[in-house]
Ligand SMILES: Cc1cc2nc3c(=O)[nH]c(=O)nc-3n(C[C@H](O)[C@H](O)[C@H](O)COP(=O)(O)O)c2cc1C
Ligand code: SF4
């Protein structure tokens, strides 16, 4: 796992937990009513993929248990994992690209409603992504995947040779020669595996994205409403299609790339299509990056413009993440696909305690405050959700008191202890199982294994209702909290 140069293990921040009285009068536990978004309080569990769906994208009993467990902690908002908007195979990732997914998702919404006594507002994150393939064996790449061009023939002086001989000749070239003979993109495919980009407009399905995506997202949002969700979150963060349109790396020349205004065009058209496909009270939010954290990528100033544009476009909340890009991802092993959380920008997305001076805690707050300020300066008050290393009451309270964000997202801390907001609310903070921010969970996510927290395996393993993963060693759900509830 990448970490900043000279990183040192940073301690968890000291936590002074509030009494129930203090929690009751806090910003964190005050309600939010802004436009369509009404939350009982400012607590929020951002999207986390647990890899528990069936291979064809359906909700399973394990998916239901997973979200029920978060709902028991009664966060103000809970966002269901990135869910594919298309009807294409995507491994054990939830999907919403066809009406057949609605009944399972409806069960999920019902379970959350029941488990949170109707308190938690439930959103589903809608994602589109482009093709990415595993890093090939070099031999296979030259034998099968590389498209032979006149350039290869000319470089080797084998203009008339049969294709098979040319492929063998290429496979036998030393690295320095290959660097001259292959294009940078071909070299990347050899070294990293094939990865489509939004700029590959020579491919008809990529050229057509602006025509296809608004309708695809709109139909997915309508299904989310039919399934009983309170709203959707458009995934325009990290390494996925909408984020790639927003990115400064998007140089499309068809009116959907180049200037920031044109890069915003498709995400705003998706937003408008989604809005018109759902009812007036249905919440439509967007997640994007406060900073792409890559060379030549969008910085915070760009994120300010993006935030204002989404707010003007009528989005009901913006949720800000950072980093998580392919551009600086680590080279995968042969047979593995590149993963956008393995490089510096990936670390910024889910920072660990092996950190630089700044540490991993609240690393996204300053950027988020700037985006929020820009939205307010534009005369709008769209609520802003912040996430990234937030795991104590004081931290959350200071962010809200200083008006740096309106809602506090805590992903890994909520994974470590789904009851943590509830424990805070009840003045029982000392019972919180504190996330260590060392990313065992993220390692599982990377391998597409059922995500669990290492801390769960240290408690009450003999309790009657414990369920384990296929290996029988990892607990699938956080230990139950036997605390008093009202
Ligand atoms: C296991 C795991 C899965 C995640 N899946 C998603 C996802 O589906 N969509 C998303 O926008 N972010 C995803 N994230 C990122 C989190 O939502 C969050 O932005 C990040 O973990 C930083 O917040 P934290 O410090 O509170 O954990 C995931 C994080 C983890 C640990
Ligand atoms: S596995 Fe580690 S980083 Fe992940 S939630 Fe648990 S303690 Fe936190």
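Where residues in segment 431-455 are under 12 Å from residue 1 (Cα atoms) and touching a residue at least 40 places away in the same chain (Cβ under 8 Å), which of them is nearest to ligand 1 (Cβ to nearest atom)? Selected residue: 442. Taken over segment 424-439, the criterion of being assigned to a loop (DSSP other than H, G, I, E, B) and more than 11 Å from ligand 2 (Cβ to nearest atom) is satisfied by 426, 427, 428, 432. The combined condition, being on the phi > 0 side of the Ramachandran plot and either away from ligand 1 (no atom under 13 Å from the Cβ) or out of contact with any strand residue (DSSP E or B) (no Cβ under 8 Å at 6 or more places or on another chain) (or both), is fulfilled by residue 379. Residue 74 meets the conditions (1) in a loop (DSSP other than H, G, I, E, B); (2) within 16 Å of ligand 2 (Cβ to nearest atom) in every case but one. The failed one is (2). Among the residues examined, residue 74 does not qualify as out of contact with any helix residue (DSSP H, G or I) (no Cβ under 8 Å at 6 or more places or on another chain) and in the same structural domain as residue 396 (by TED's automatic domain parsing). May I ask you to verify whether residue 255 is modelled with pLDDT of 95 or more and touching a strand residue (DSSP E or B) at 6+ places or on another chain (Cβ under 7 Å)? It is false that residue 255 is modelled with pLDDT of 95 or more and touching a strand residue (DSSP E or B) at 6+ places or on another chain (Cβ under 7 Å). Scanning segment 344-378 for residues that are within 27 Å of residue 130 (Cα to Cα) and either free of Cβ contacts under 8 Å to residues at least 12 places away in the same chain or buried (at least 22 other Cβ atoms within 10 Å of the Cβ) (or both) returns 345, 346, 347, 348, 349, 350, 351, 364. For segment 393-416, the set of residues classified as within 12 Å of ligand 1 (Cβ to nearest atom), surrounded by 20 or more Cβ atoms within 10 Å (Cβ to Cβ) and in contact (Cβ under 8 Å) with a residue 24 or more places away in the chain consists of 396, 408, 409, 410, 411, 412, 414, 415, 416, listed by residue number. Return yes or no: is residue 143 in a strand (DSSP E or B) and either away from ligand 2 (no atom under 16 Å from the Cβ) or in contact with a strand residue (DSSP E or B) (Cβ under 9 Å, 6 or more places away or on another chain) (or both)? Against the criterion (in a strand (DSSP E or B) and either away from ligand 2 (no atom under 16 Å from the Cβ) or in contact with a strand residue (DSSP E or B) (Cβ under 9 Å, 6 or more places away or on another chain) (or both)), residue 143 does not qualify. Here's a check for you: in segment 421-430, which residue that is surrounded by 15 or more Cβ atoms within 10 Å (Cβ to Cβ) and away from ligand 1 (no atom under 16 Å from the Cβ) is nearest to residue 27 (Cα to Cα)? It comes out as 425. Considering segment 309-423, the qualifying helices (runs of 4 or more DSSP H), each wholly inside and each with 1 or more residues that are over 17 Å from the mean Cα position of the chain (by Cα), run over 365-377, 393-401, 412-416.
Can you find a residue in segment 221-242 that is surrounded by fewer than 20 Cβ atoms within 10 Å (Cβ to Cβ) and on the phi > 0 side of the Ramachandran plot? There is at least one residue in segment 221-242 that is surrounded by fewer than 20 Cβ atoms within 10 Å (Cβ to Cβ) and on the phi > 0 side of the Ramachandran plot. With respect to residue 160, is the statement that it is more than 24 Å from residue 332 (Cβ to Cβ) and loosely packed, with under 14 Cβ neighbours inside 10 Å true? Yes.
The values are calculated or read from the model by the stated rules, or taken from the named source; none is laboratory data. Keep in mind that what you see is a predicted model, and the values were worked out from it rather than measured. Methodologically, a virtual Cβ is constructed for each residue, glycine included, from the backbone with ideal geometry; neighbour enumeration extends over all protein chains shown.
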